[in-house]
DNA sequence: GCCGTTTTCGGCCCGACTGTTTTCAGTCG
């Protein structure tokens, strides 16, 4: 297999399957076959291990859900050649650009192929021009309103910034919540969707409400100052767009249906489908209004009730991805997911010694007000010059200072630590003897992100094998929507971490959320332990811990998997053990 | 194309809105 394909990401292969599904839709082929292609794409996307590695190791893909002989052949072909015959064939049968039209809201496969057949349109630009010239109205089932909607959709698409970070979505949910508190008509509300599942990015917000007087409630919601336009409104809903482009859908439900609605709008879609199928197997019907036996609603007011009727334990939203949670819920084997209140300290933060904005003492006080028993101060090492990284002399002094301040503070212990750079060749950026004297050492990559997969793997393994680091900081170095993760053999690094008792960090910074959730689960399965840290650069950033907790929950982690759930004395004990641990 | 204590065929989740039409097709979540 050529080098490039050997390292092909699952997401890339998944995209090709989605492309085939789009093309099949444009050709109006069997909808069930199309769904099957999409299911295959989803399976690939959600998989934590790379199929490229499986194939190279001679493993079969047939045990994976939604992947049969036909898909396995196509995957192997894609890995070998970068594409597959079926895709190329379909691309020849459909005009180039036509699949792009499917991205426009209210343009589906039927409309797109009609546009091409009748008007010869196969690009977004041509579609926009046709709308402006009112040519769409010449088509059947196509009037002025649809044409205007399509035109607006193209404009939005052109200016769309896509999905927003979970933190940004959270900020909007909280500001909407503050508004709702002032509206007496609204007696119950909940934000559902990918926000509730804790996905790292959110495409839109689904807000479910119950109100005695819906008209009054809608009137009051429209006063939300962030609204830039009302997309549509009815008796039971209000759809708006905010100034930043985010779409917010408010929907009203009766209490008897609220749980069913919450379940339905929380998703994921795949989780819902699995639940509905389960209902159907019992001769029932599940929809957003409840669980029905014939016309009689047998559950619907709460999620707990619905899951119970389906003979399942209640599934935390973060796990609802149809990735094994339903089988676990059936066997009462869901993990007791970690919670924010179990965190006893933060193990990664910066101060004015390097690129932080607060002093050691200020950070310590902020940690104390959050109920923490300890805080590790981990400023940068010398190579990170933009951050004013510490050389050996400055670090020694800084560590003394941390210990001195820690010594005189009550109810909180400070760990003298560092975030040491992992250099290009895998060596650490500071003398190992000095590092061994510190309480806590995080090692991170901040440069040379483009090394080959082999070199990058060697680099990380070498750092892990140094014997002086406790934790790998933001292991993939990705910045969501800005910088791709570095490429390395995750399994080899995990194996090294397990051997040398080195932890994986879950960096809680909203633009990092690194490790990502699927890798988190894989590291868990490999027997590696975690630290959930904020990488705070000021006192406020310490609150980012909530996002790390969400990643951990999506990665199926429990309290025992996370080092900083230990109280301070247990942590000290554990760290002494870690420092003494010798390579096996 | 996938799947299977109803297993190699015949199913495959469900409902609502919109805009266009007078009974429905297409899109969406």
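Each value in this text was obtained by applying a stated rule to the coordinates, not by laboratory testing. Every value quoted in this text rests on a predicted model; they were computed, and no experiment measured them. We place every Cβ from the backbone using ideal geometry, glycine too, and count neighbours over all the protein chains shown.
Summary table below
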| item | result |
| --- | --- |
| Degrees separating the helix A:453-465 axis from the principal Cα axis of chain A, which is the longest one | 40 degrees |
| Relative contact order, percent, chain A [alpha-carbon distance under 8 Å, six or more residues apart] | 9 percent |
| DSSP bridge pairs, chain A: antiparallel proportion in percent, nearest 5 | 45 percent |
| Gyration tensor (alpha-carbon) shape descriptor, chain A, a/c threshold 1.5 | prolate |
| Highest to lowest packing among A:165-178, A:318-331, scored as the average C-beta count within 10 Å | A:318-331, A:165-178 |
| Three-way shape call for region A:10-159 based on the alpha-carbon gyration tensor, with the a/c threshold at 1.5 | prolate |
| Cβ-based exposure ranking for A:530, A:490, in which fewest neighbours within 10 Å come first | A:490, A:530 |
| A:440, A:237 arranged by Cβ crowding within 10 Å, fewest neighbours leading | A:237, A:440 |
| Contact order relative to length of region A:225-324, as percent, for alpha carbon pairs under 8 angstrom and 6 or more apart | 22 percent |
| Rounded if a/c under 1.5, otherwise prolate or oblate - region A:256-330, Cα gyration tensor axes | prolate |
| Order by protection proxy (mean Cβ within 10 Å, highest first), peptides A:15-23, A:239-247 | A:15-23, A:239-247 |
| Order of A:447, A:381, A:466 - criterion: other Cβ atoms within 10 Å of each residue's Cβ, fewest first | A:447, A:466, A:381 |
